[in-house]
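The block underneath contains the structure these notes are about, expressed in structure tokens.
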Amino acid sequence: MKILVGVKRVVDYNVRIQVKPDGSGVVTDGVKMSMNPFDEIAIEAALRIKEAGQAEEVIAVTIGPKVCQEQLRTALAMGADRAIHVETDEEIQPLTGARIFKALCDKEAPKLVILGKQAIDDDNSQSAQMLAALCGWPQATFASEIAIDGDSATVIREVDAGLETLSVDLPAIVSADLRLNEPRYVKLPDIMKAKRKPIESITLADLGVEQAAAIKVLKTAAPAKRQAGIKVESVDALVAVLREKGLIK
Amino acid sequence: MSKVLIIAEHDGNTLNGSTARAVTCAKDLALDAIDIVVLAADGSSVAEQAAAIAGVNTVLLVQNPANENAVAALLAPQVKALSSDYSHVFAPSTTFGKDLLPRVAALIGVPQISDIMRVESATVFDRPVYAGNAVVTVEAPAGIVVGTVRTASYPVAPNGGSASIEKREVAVDLPAHTRYVSLSTGGGEGRPDLQAAATVISGGRGVGSEDNFKVIYSLADKLGAAVGASRAAVDAGFIPNDHQVGQTGKIIAPDLYMAFGISGAIQHLAGIKDAGTIVAVNKDADAPIFEIADYGLVGDLFTVIEDLEKALA
Ligand SMILES: Cc1cc2nc3c(=O)[nH]c(=O)nc-3n(C[C@H](O)[C@H](O)[C@H](O)COP(=O)(O)OP(=O)(O)OC[C@H]3O[C@@H](n4cnc5c(N)ncnc54)[C@H](O)[C@@H]3O)c2cc1C
Ligand SMILES: Nc1ncnc2c1ncn2[C@@H]1O[C@H](COP(=O)(O)O)[C@@H](O)[C@H]1O
């Protein structure tokens with residue numbers, strides 16, 4: 001079977017985000033960009049399924065401008081077999097992204113699609129669920145364990161109440177949570193090898209996908225700042241202030 | 001007439017408090033009505049609890065054995081079928097709502113606004129991005145407005161209402177491709193719910209082991225508090241996943257949050273920005289958590305907890 005994996009280029013998780021003074025967005029010029037951390041986990045999950053002999057091919061997919069190929073190269077260096085770059089300079093929101101992935105599912109007929117639980121830029125956490133709706137396939141979001149068993153999969157999900165187990169028929173859409181695995185480090189020879197792996201470039205038009213109605217961003221602002229606090233010198237001093245505020249008895 | 005439909009989160013018997021927080025948000029929409037839908041196998045008592053929330057007009061009760069557990073693939077087509085009577089469909093931004101609502105939105109064919117933290121108008125909302133390090137004001141396009149409500153931004157709507165309860169049959173085909181197997185809970189042992197507690201005591205990697213976490217639990221019990229944790233503490237197996245606080249864990253707004261042995265990574269801070277008072281105890285005076293703590297205490301967490309226990313005795 002084939003596994004399709006989403007790879008989004010985002011501002012690296014270690015970057016301190018700066019909002020542009022004119023409210024038009026956040027500063028991305030000269031800022032380190034990386035693969036969305038959840039997508040690294042998604043790639044790793046796909047590779048492990050393949051290494052266990054349960055899949056033949058892992059295909060990394062990104063949607064975005066030319067530079068996103070950097071993240072596809074990382075995915076290929078990790079071990080993905082090939083990559084698809086859906087090239088566009090337009091903003092792609094989850095509903096349109098899901099349409100694109102749906103078109104790719106029609107074309108590639110994967111048995112499993114693994115996306116990240118959320119992209120850490122827009123924090124939407126929608127794409128996997130929307131794709132599952134458009135395909136009419138099962139979804140297993142926030143996965144911390146995936147076990148493939150023939151034509152179905154058992155997925156453990158991290159939910160507010162604890163860990164939920166779902167059984168889904170394949171094909172299915174899974175979204176990867178943090179504890180699914182620890183992604184491998186990429187070694188230099190793998191980076192060299194990845195340069196020879198194919199990246200196919202296609203457009204929305206090639207896939208017959210039109211932009212869905214979109215949410216309009218009117219402005220971007222810095223969040224309300226918390227008042228700077230103080231250091232207390234002792235536990236007694238801490239207890240005293242907390243009692244005074246009525247926070248402890 | 002414009003109306004909002006809120007999808008109730010529940011476990012079959014009890015309505016989750018996140019639903020009443022979504023009601024508080026929905027009131028800001030200033031529409032003609034706020035309705036709640038309870039999708040359940042039976043759900044009678046859940047519907048009664050929903051009907052008691054002040055400001056709710058009608059509670060729709062959709063009884064179906066398939067709704068025994070909240071499986072998004074089964075619930076979504078039912079919500080979609082009900083949505084045609086509404087201008088807005090909301091759910092709490094808990095794992096329940098996050099799992100279900102995008103599937104509903106895509107079935108309807110509209111985008112979703114995630115984590116609404118402020119209502120500017122019936123179509124314009126504020127929501128956090130980049131782990132809460134920026135806030136965007138967004139406008140929904142024409143069509144049904146589908147959104148999840150950031151529960152930490154809204155208090156629980158009070159009781160005092162007496163909405164009518166209407167049973168509804170929803171005639172849609174439900175898929176057989178997804179089966180609920182089981183739920184294993186972290187075992188809260190009677191402690192308050194992390195998302196509702198007034199006080200939360202949290203431990204990080206600095207706590208050092210599962211065994212050492214006992215001191216966190218003990219202090220929490222003394223204060224009637226819920227227990228939280230950083231991702232590092234959960235990853236290390238000190239404590240189950242449902243205690244994780246942060247960008248990818250729970251976003252909480254207790255009156256008092258006390259962090260022990262947590263460095264204060266932005267992903268963790270994203271979960272506690274709405275706390276009333278933040279106390280941080282860390283042996284490293286330069287730990288970033290001190291930049292947002294109202295009261296910081298530099299020291300060994302074990303010594304501090306011991307002294308706190310004495311002072312509170
Ligand atoms: C995509 C993504 C999402 C993430 N989501 C989350 C999330 O939701 N929640 C979350 O918490 N993290 C999240 N993280 C992880 C986050 O980046 C940090 O790695 C994590 O929060 C660190 O946990 P910590 O503070 O417990 O550990 P550390 O950073 O290792 O800090 C431990 C602290 O304990 C102190 N300490 C040690 N011993 C003692 C002692 N005896 N007494 C007092 N202090 C002591 C140390 O000085 C140190 O400051 C996420 C990361 C990524 C990439
Ligand atoms: N532009 C994109 N290119 C590739 N994958 C994407 C893109 N946007 C979202 N995804 C996938 O969908 C996941 C969830 O994104 P979101 O729904 O935006 O939070 C990401 O972790 C990716 O796996």
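The values are calculated or read from the model by the stated rules, or taken from the named source; none is laboratory data. Please read all numbers here as calculations on a predicted model, not as lab measurements. Please note: Cβ atoms are built from the backbone with ideal geometry, for glycine as well, and neighbour counts cover all protein chains shown.
Mind checking which residues of region A:205-220 are assigned to a loop (DSSP other than H, G, I, E, B) and surrounded by fewer than 14 Cβ atoms within 10 Å (Cβ to Cβ)? Passing the criteria: A:208, A:210.
Summed over region A:131-151, residues that are surrounded by fewer than 24 Cβ atoms within 10 Å (Cβ to Cβ) and out of contact with any Leu (no Cβ under 6 Å at 6 or more places or on another chain) total 10.
Results for (1) farther than 15 Å from residue B:180 by Cα; (2) among the small types (Gly, Ala, Ser); (3) more than 16 Å from ligand 1 (Cβ to nearest atom), shown as yes or no for each residue.
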{"site": "A:79", "(1), (2), (3)": "yes, yes, yes"}
{"site": "A:83", "(1), (2), (3)": "yes, yes, yes"}
{"site": "A:97", "(1), (2), (3)": "yes, yes, yes"}
{"site": "A:100", "(1), (2), (3)": "yes, no, yes"}
{"site": "A:112", "(1), (2), (3)": "yes, no, yes"}
{"site": "A:141", "(1), (2), (3)": "no, no, no"}
{"site": "A:148", "(1), (2), (3)": "yes, no, yes"}
{"site": "A:161", "(1), (2), (3)": "no, yes, yes"}
{"site": "A:166", "(1), (2), (3)": "no, no, yes"}
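Among the residues that make up region B:135-151, is at least one of them touching a residue at least 40 places away in the same chain (Cβ under 8 Å) and facing chain A (nearest Cβ under 7 Å)? Checking region B:135-151: not a single residue is touching a residue at least 40 places away in the same chain (Cβ under 8 Å) and facing chain A (nearest Cβ under 7 Å).
Whether a residue is at pLDDT below 95 and within 16 Å of ligand 1 (Cβ to nearest atom) was assessed, and residue B:208 does not pass this test.
Within region A:124-161, the set of residues being in a loop (DSSP other than H, G, I, E, B) and out of contact with any Asp or Glu (no Cβ under 7 Å at 6 or more places or on another chain) comprises A:124, A:125, A:126, A:136, A:137, A:150. With the requirement that a residue be of a type in the set (D, E, K, R) and either over 20 Å from residue A:113 (Cα atoms) or assigned to a helix (DSSP H, G or I) (or both), what does region A:21-80 give you? Of everything in region A:21-80, those that are of a type in the set (D, E, K, R) and either over 20 Å from residue A:113 (Cα atoms) or assigned to a helix (DSSP H, G or I) (or both) turn out to be A:22, A:29, A:32, A:39, A:40, A:44, A:48, A:50, A:51, A:66, A:70, A:73.
Screening B:56, B:4, B:62, B:37 for residues that are in a loop (DSSP other than H, G, I, E, B), touching a residue at least 12 places away in the same chain (Cβ under 8 Å) and touching a helix residue (DSSP H, G or I) at 6+ places or on another chain (Cβ under 7 Å) leaves exactly one candidate, B:56. Just one residue in the set A:41, A:17 is within 14 Å of chain B (Cβ to nearest Cβ), free of Cβ contacts under 8 Å to residues at least 12 places away in the same chain, within 16 Å of ligand 1 (Cβ to nearest atom) and in contact with a helix residue (DSSP H, G or I) (Cβ under 7 Å, 6 or more places away or on another chain); that residue is A:17.
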